[in-house]
């Protein structure tokens, strides 16, 4: 975590669902319909005003919540698709 904190760069949370389908060669073939979803969240930054340990805890809580929210949103968008991901796969 120290690298992006020191650099002052944001972390952009991202959730990908349905990517496991690409493990099978047949899904890479032309004319095969393979669905997947990608959802990006808002940039998160580590607050430099807190001690390192507290900043880390706060950042990780925000990141985990962002993953859950992005995952739920993506599951809703993908409902009815070939892949019906479950929220438990995200957490």
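What follows draws every value from the coordinates through simple rules; no lab data is involved. In this text, all values refer to a predicted model and were calculated from it rather than measured experimentally. Glycine gets a Cβ as well: all are built from the backbone with ideal geometry, and neighbour counts include every protein chain shown.
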Legend entry - Residues residue 77 and residue 7, FRET efficiency given R0 of 30 Å [Cβ-Cβ distance, rounded to 0.05]: 0.40
Inset, instruction - Sticking with the crude label model, points 7 Å out along Cα→Cβ, report the distance from residue 69 to residue 45 in nm, one decimal please. - result: 1.7
